[in-house]
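The values are calculated or read from the model by the stated rules, or taken from the named source; none is laboratory data. Here the structure is a predicted model, which is why all the values come from computation and not from measurement. Cβ atoms come from the backbone with ideal geometry, glycine included; neighbour counts cover every protein chain shown.
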There are 2 protein chains.
Amino acid sequence: MKVKLQEDVLKDQNQAAAFNRNVFKNHNMFVVNLMSSPGSGKTTLLEETVRALKNEYTIGVIEGDLATERDALRLRKLGVSTVQINTVGGCHLDARMVAKTLPEFDLNTIDLLFIENIGNLVCPSGYDLGQDEKIVVLSVPEGNDKIPKYPVMFKRTDVTVINKIDLLPYVDFSLSQAEADLASINPKALFMSLSAQTGEGMEEWVKWLREGVSPCTGQ
Amino acid sequence: MKVKLQEDVLKDQNQAAAFNRNVFKNHNMFVVNLMSSPGSGKTTLLEETVRALKNEYTIGVIEGDLATERDALRLRKLGVSTVQINTVGGCHLDARMVAKTLPEFDLNTIDLLFIENIGNLVCPSGYDLGQDEKIVVLSVPEGNDKIPKYPVMFKRTDVTVINKIDLLPYVDFSLSQAEADLASINPKALFMSLSAQTGEGMEEWVKWLREGVSPCTGQ
């Protein structure tokens, strides 16, 4: 079954977010809005997550980029339904852009939908896409000062994932400092650390996603 | 001598950019607008540049951040006149914000002014601040796909500086690929690579700045 879009949904960002949320709920989908700086490793994290979960769930991906289909091609290679949004210079996705992609998915079959936002630690934080969870990925080489320097993003997200922990020996970054900084501005936020490249720490992330998709049996 | 600001300069971004450009020219200043993703190492690059050049030139810094005075404090520790702009969530600097800081500098004494923009590979590229040169810093851990994926930034900047080359042994990044990608979208752009942390490659960057400040004798 394909979802139908009424024209008036696309007139207003908040109306579109409510529309998306309703569609996601009606189709029993768990939807994650993945945000970060450019180059934090969101797409690699997605690839490894798909590899870990594709035999358990049907996964869909919405790929947001300024230009190119590169990231969508990486996900499609893994056999995942992926729709590319090119914002042509726009610095974030909004709920209307996401709503427009929904008719391209067979929503009844999708359990878990990832929306990979534009690489930007500022603009995407203000836009509700109708997701269940907002995730921000921060990579070790970006440095410890990012949480205090970009507080709005870290305040507004449910989970902070520290990526590229395999680089900890080579750069100046403290995981305990990052955890304390996050707790001071967003005490309810979850904090995880992993390396999508080496697989270290991926179990906790994958377990958290299972609990989101299947709240009763996922644990 | 302090510069005086007329109210009407602040009404329009392009008018403010022209005002800034005129002020910079009248005071024989060489002005660099430094842009990048969050965590690419702009502030460390600035610190090392100040250490290399502060005995030759009087340097000023305008620090753009969403929140905190952290980066301004790092520069002030080196004895550099530094004015902080906090955009309170805004994703880029504009020429009006820069114009407002100018009365805080003793412009007659400044040879070289750095404007450190908000960490963001999208929004700042569209705003002329009145600078002489636009620089984008890309750090090795961000990956090779950033130049094709964020083409507008790399098309609109005069110089691309690859930073953190000390991490080349630990991540998948090719300098020759980056140079070729840049040449394909912006053939006139200069390409440099360095590590502000270890000092490798800093001579070329410092030499380029000297030529900007003193076009006749800097070489």
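Which of the numbered conditions does A:P38 fail, given that it passes all the others? Conditions: (1) of a type outside the set (F, W, Y); (2) buried (at least 16 other Cβ atoms within 10 Å of the Cβ); (3) part of a loop (DSSP other than H, G, I, E, B); (4) at pLDDT below 95.
(4)
Sort out which residues of the stretch B:46-64 are in contact with a helix residue (DSSP H, G or I) (Cβ under 9 Å, 6 or more places away or on another chain) and outside any helix (DSSP H, G or I), and write them in order of number.
B:E56, B:Y57, B:T58, B:I59, B:G60, B:V61, B:I62, B:E63, B:G64
Can you tell me which residue is farthest from the other protein chains (Cβ to nearest Cβ) among those in the stretch B:134-160 that are closer than 20 Å to A:T87 by Cα and out of contact with any strand residue (DSSP E or B) (no Cβ under 8 Å at 6 or more places or on another chain)?
Only one residue fits best here, namely B:K155.
Taking the condition of being touching a strand residue (DSSP E or B) at 6+ places or on another chain (Cβ under 8 Å) and assigned to a helix (DSSP H, G or I), how many residues in the stretch B:117-133 meet it?
Filtering the stretch B:117-133 for residues touching a strand residue (DSSP E or B) at 6+ places or on another chain (Cβ under 8 Å) gives B:117-122, B:124-125, B:129-133.
Filter again for assigned to a helix (DSSP H, G or I), leaving B:124-125.
Within the stretch B:117-133, residues that are touching a strand residue (DSSP E or B) at 6+ places or on another chain (Cβ under 8 Å) and assigned to a helix (DSSP H, G or I) number 2.
Among (1) of a type in the set (V, I, T); (2) over 12 Å from the mean Cα position of the chain (by Cα); (3) closer than 19 Å to A:F30 by Cα, which single condition is A:I115 missing?
Result: A:I115 fails condition (2) only.
Kindly list the number of the only condition in (1) touching a residue at least 12 places away in the same chain (Cβ under 8 Å); (2) out of contact with any helix residue (DSSP H, G or I) (no Cβ under 9 Å at 6 or more places or on another chain) that fails for A:E211.
That leaves (1) as the condition not met.
Can you name the condition, by its number, that B:G130 falls short on among (1) surrounded by 19 or more Cβ atoms within 10 Å (Cβ to Cβ); (2) at pLDDT below 95?
Result: B:G130 fails condition (2) only.
Under the condition of being free of Cβ contacts under 8 Å to residues at least 12 places away in the same chain and within 16 Å of A:K42 (Cα to Cα), which residue from the stretch A:70-88 is surrounded by the fewest Cβ atoms within 10 Å (Cβ to Cβ)?
It comes out as A:L73.
Do you know which of the residues in the stretch A:161-180 that are more than 14 Å from every other protein chain (Cβ to nearest Cβ) and not in a helix (DSSP H, G or I) is surrounded by the most Cβ atoms within 10 Å (Cβ to Cβ)?
Among residues in the stretch A:161-180 that are more than 14 Å from every other protein chain (Cβ to nearest Cβ) and not in a helix (DSSP H, G or I), the one surrounded by the most Cβ atoms within 10 Å (Cβ to Cβ) is A:V161.
Would you confirm whether or not the stretch A:71-86 contains a residue that is among the β-branched types (V, I, T) and within 14 Å of another protein chain (Cβ to nearest Cβ)?
So far as the stretch A:71-86 goes, yes, one or more of its residues are among the β-branched types (V, I, T) and within 14 Å of another protein chain (Cβ to nearest Cβ).
Keeping to the stretch A:163-202, report how many residues are farther than 24 Å from B:E142 by Cα and not basic (K, R).
8
Checking B:A67 against (1) away from every other protein chain (no Cβ under 14 Å); (2) outside any strand (DSSP E or B); (3) within 22 Å of B:L121 (Cβ to Cβ); (4) not charged (D, E, K, R), which single condition isn't satisfied?
(1)
Considering only residues of the stretch A:70-111 that are among the hydroxyl-bearing types (S, T, Y) and part of a helix (DSSP H, G or I), which is nearest to the chain's Cα centre (by Cα)?
A:T101
Which one of these does B:K2 not meet: (1) in a loop (DSSP other than H, G, I, E, B); (2) touching a residue at least 60 places away in the same chain (Cβ under 8 Å); (3) closer than 24 Å to B:V136 by Cβ?
Unmet condition: (3).
Tell me which of these A:A95 doesn't satisfy, since it passes every other one: (1) in contact with a Gly (Cβ under 7 Å, 6 or more places away or on another chain); (2) of a type outside the set (F, W, Y); (3) away from every other protein chain (no Cβ under 14 Å); (4) closer than 23 Å to A:K188 by Cβ.
All conditions are met except number (4).
With respect to A:D132, is the statement that it is touching a residue at least 24 places away in the same chain (Cβ under 8 Å), in contact with a Gly (Cβ under 7 Å, 6 or more places away or on another chain), more than 23 Å from B:G41 (Cβ to Cβ) and of a type in the set (D, E) true?
Against the criterion (touching a residue at least 24 places away in the same chain (Cβ under 8 Å), in contact with a Gly (Cβ under 7 Å, 6 or more places away or on another chain), more than 23 Å from B:G41 (Cβ to Cβ) and of a type in the set (D, E)), A:D132 qualifies.
Being assigned to a strand (DSSP E or B) and either without any contact (Cβ under 8 Å) to a residue 60 or more places away in the chain or of a type outside the set (V, I, T) (or both) narrows it down to one of A:F114, A:F154, so name that one. Before you say what the answer is, go through the steps one by one.
Numbers: A:F154 fails: assigned to a strand (DSSP E or B).
Answer to the selection: A:F114.
Could you please let me know if A:A183 is farther than 16 Å from A:V50 by Cα and either hydroxyl-bearing (S, T, Y) or surrounded by 17 or more Cβ atoms within 10 Å (Cβ to Cβ) (or both)?
On the way: farther than 16 Å from A:V50 by Cα: yes; either hydroxyl-bearing (S, T, Y) or surrounded by 17 or more Cβ atoms within 10 Å (Cβ to Cβ) (or both): no.
So A:A183 does not fit the description; no.
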